[in-house]
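Asks: First, the structure itself, so that you have it in front of you.
Derivation of every value follows stated rules applied to the coordinates shown; laboratory data play no part. Keep in mind it's a predicted model, so treat the numbers as computed, not measured. Neighbour counts are summed over all protein chains in view; Cβ atoms, including those assigned to glycine, are modelled from backbone coordinates with ideal geometry.
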Amino acid sequence: MATPATVLHQPESQSESRLPAHIERLPRPSPLGRAAELAFLRWEKRQLAPTERFWRDFGMHIVESGPKRLLARGTGTAPCIAIAEQGGANRFVGPAFRMSDDTDLQAYTKALQATPLSPARIPGGGHGVELSDPAGRSVWLLQGQARAEPLPNRAPVTALTNSAVHSPRVNRTVRTLIEPAKVIRLGHLVLQTVDFASMAAWYLRVLGLIPSDVQYLADGSPNLAFCRLNLDDTPADHHTLVIVGAIEEKYEHSAYEVIDQDALGQGYQVLRAQGYHHVWGLGRHLLGSQLFDYWRDPDGFELEHYTDGDLFTADFETTYSPFDMSSLWAWGDDVPASMKPQMNLRTLLRIMRLLQEKRITVQRLKLISAALKAPARPWL
Ligand SMILES: [Fe+2]
């Protein structure tokens with residue numbers, strides 16, 4: 001039996017300025033502009049009613065519910081964090097970003113054939129352009145959206161957390177309501193892609209993102225980037241967009257901030273009681289440090305509740321670590337098998353097609369597969 005010293009380890013990580021020569025730095029293309037916020041996500045759903053029920057139970061606030069369109073916000077100042085339109089498929093359509101005031105949207109028309117958006121399509125008004133990412137996904141870049149008045153939420157209980165060295169809570173109890181974990185805002189989006197290098201370069205250039213953490217395969221090539229917004233001296237979430245090299249172009253999950261760990265826990269109870277599919281949690285991430293809880297919506301899309309994430313200013317240096325599952329979380333249950341590619345006929349056919357179309361090499365497939373197979377927590 002292995003001794004705890006051999007299995008209880010944290011993955012190694014290195015700052016960019018001290019990277020050994022065999023690890024490739026993630027290229028930083030010169031940005032066309034700067035994203036200031038992940039504004040909302042757009043969905044197409046065959047049936048809106050099950051999505052509305054899930055969004056409510058997940059803690060979003062429904063602001064529009066018609067036969068053709070469903071719109072939700074959080075308790076924060078964003079007028080919208082999610083739109084679902086009734087259509088012929090259940091699919092993630094794409095993200096919308098609020099761009100900084102000093103971004104010139106015309107630059108995207110010239111460089112990337114972006115087209116103007118009709119203001120009637122933008123919740124909260126303003127103006128914007130639409131463009132396609134390398135996977136053909138629609139991306140909206142917006143300016144001039146009106147902010148909304150915040151909605152009421154309870155105060156975080158964390159300010160009164162007792163510890164062995166600090167006891168601010170005396171003659172008081174912790175009694176939070178069993179209610180949906182009120183979503184405050186949309187925090188981040190994770191996308192899988194077959195061509196990691198092109199997808200990462202495209203989003204870094206379009207949104208002016210800063211890589212917070214980059215993960216590399218055994219050959220030293222980057223395969224995952226946790227990217228944050230460039231807000232200068234204003235602290236930004238460790239990641240707002242994550243790009244992961246994989247075997248398909250896929251929405252992986254999106255994440256929504258709640259007030260504290262008790263909101264995560266009470267939200268878990270509500271969703272569990274309603275019979276939704278629980279995916280993973282509670283636990284704490286390693287890269288980004290968030291306390292997390294993952295759920296599946298009625299159409300199989302993953303959504304995450306989180307709280308207590310890392311915040312970095314623009315000058316914080318990029319860190320590199322090996323691509324593996326163990327770096328995803330610090331403690332909590334093992335990553336569920338459903339979060340990794342399932343080895344079945346569909347996956348096999350997909351891989352064969354990718355190889356045939358020369359979109360991926362056998363060598364890269366082997367490297368990704370080896371990284372995903374390595375047991376992250378051998379004792380679980
Ligand atoms: Fe996440």
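Asks: Hey, if you put +1 on the Cβ of every Lys and Arg and -1 on every Asp and Glu Cβ in the chain, which of THR307, ASN153, LEU348 ends up farthest toward the positive end of that dipole?
Replies: Projecting each Cα onto the dipole axis, the largest value belongs to LEU348.
Asks: Can you flag which of LYS45/LYS340; LYS110/LYS358; LYS182/LYS340; LYS250/LYS366; LYS45/LYS373 are past 26 Å Cα-Cα? Don't jump to the answer; show the numbers that get you there.
Replies: Numbers: LYS45/LYS340 24 Å; LYS110/LYS358 30 Å; LYS182/LYS340 29 Å; LYS250/LYS366 20 Å; LYS45/LYS373 34 Å.
Over 26 Å Cα-Cα: LYS110/LYS358; LYS182/LYS340; LYS45/LYS373.
Asks: Ok, one more. Share of Cα-Cα pairs in the range 280-361 beyond 18 Å, in percent? Write down the numbers at each step before the final one.
Replies: On the way: 2017 of 3321 pairs.
It works out to 61 percent of all Cα pairs.
Asks: Rounded to the nearest 5, what % of DSSP beta bridges with both residues in the chain are antiparallel? If you can, show how the numbers build up before the last one.
Replies: Working: 60 of 82 bridges.
Of those bridges, close to 75 percent are antiparallel.
Asks: Would you mind computing the Rg to Rh ratio of the range 7-58 from its alpha-carbon coordinates, Kirkwood style for Rh?
Replies: Working: Rg = 21.1 Å, Rh = 17.0 Å.
Rg divided by Rh gives 1.24.
Asks: Please say if the range 46-104 is rounded, prolate or oblate, where rounded means a/c under 1.5 for a ≥ b ≥ c the square roots of the C-alpha gyration tensor eigenvalues, and otherwise the choice is prolate for a/b larger than b/c and oblate otherwise?
Replies: Values: a/c = 2.58, a/b = 1.49, b/c = 1.73.
Oblate, since a/c reaches 1.5 and b/c is not below a/b.
Asks: About the Cα centre of the chain, how large is the charge dipole given +1 on each Lys and Arg Cβ and -1 on each Asp and Glu Cβ? Please answer in debye to the nearest 20.
Replies: On the way: 40 positive and 41 negative charges, 192 e Å.
Rounded to the nearest 20 debye, it is 920 debye.
Asks: Using all Cα-Cα distances in the chain, what percent lands in each 10 angstrom bin from 0 up to the longest?
Replies: Taking all Cα pairs of the chain, the binned fractions are 5, 22, 33, 27, 11, 2, 0 percent.
Asks: Considering only VAL63, VAL206, VAL129, give the residue with the highest GNM mean-square fluctuation for the chain, with springs between Cα atoms whenever their separation is below 10 Å.
Replies: VAL63
Asks: Given the Cα atoms of the range 250-313, and with Rh set as the inverse mean 1/r over their pairs in the Kirkwood sense, what is Rg to Rh to two decimals? Intermediate values should be presented prior to the final figure.
Replies: Numbers: Rg = 11.8 Å, Rh = 12.1 Å.
Ratio of gyration radius to Kirkwood radius: 0.98.
Asks: Turning to a different aspect of this structure: Once you have the Kirkwood Rh of the range 222-380 from its Cα pairs, apply Stokes-Einstein at 4 °C and 1.567 mPa s and quote D in µm²/s. Working shown, then result.
Replies: Values: Rh = 17.4 Å.
Rounded to a whole number, D works out at 74 µm²/s.
Asks: If you place +1 on the Cβ of every Lys and Arg and -1 on the Cβ of every Asp and Glu, how big does the dipole about the Cα centre of the range 299-361 come out, in debye to the nearest 20?
Replies: Charge dipole of the range 299-361: 800 debye, to the nearest 20.
Asks: Using only Cα atoms, figure out Rg for the range 81-239 and give it as a multiple of 2.2 N^0.38 Å. Spell out each step's value before the answer.
Replies: On the way: Rg = 20.3 Å, N = 159, 2.2 N^0.38 = 15.1 Å.
Output field value: 1.35.
Asks: Then there's this: Report the residues of the range 293-334 in range of a label on ARG18: point 7 Å along Cα→C-beta, backbone N strictly under 19 Å from it.
Replies: 315-323
Asks: With each label point set 7 Å from Cα along the Cα-Cβ vector, what nm distance links LEU177 and SER338?
Replies: Modelled inter-label distance: 2.9 nm.
Asks: Among ILE83, SER198, ALA218, whose Cα sits farthest toward the positive end of the charge dipole of the chain (+1 at Cβ of Lys/Arg, -1 at Cβ of Asp/Glu, about the Cα centre)?
Replies: Result: ILE83, furthest along the dipole toward the positive end.
Asks: How large is the helix-only mean residue ellipticity at 222 nm for the chain, computed as the sum of -39500 (n - 2.57) over DSSP H runs with n ≥ 4, divided by its residue count, in deg cm²/dmol to the nearest 500?
Replies: -5500 deg cm²/dmol
Asks: Name the residues whose placed amide hydrogens come within less than 5 Å of the amide hydrogen of VAL93, ignoring near sequence neighbours (fewer than 5 apart) on the same chain.
Replies: ARG42, TRP43, GLU44
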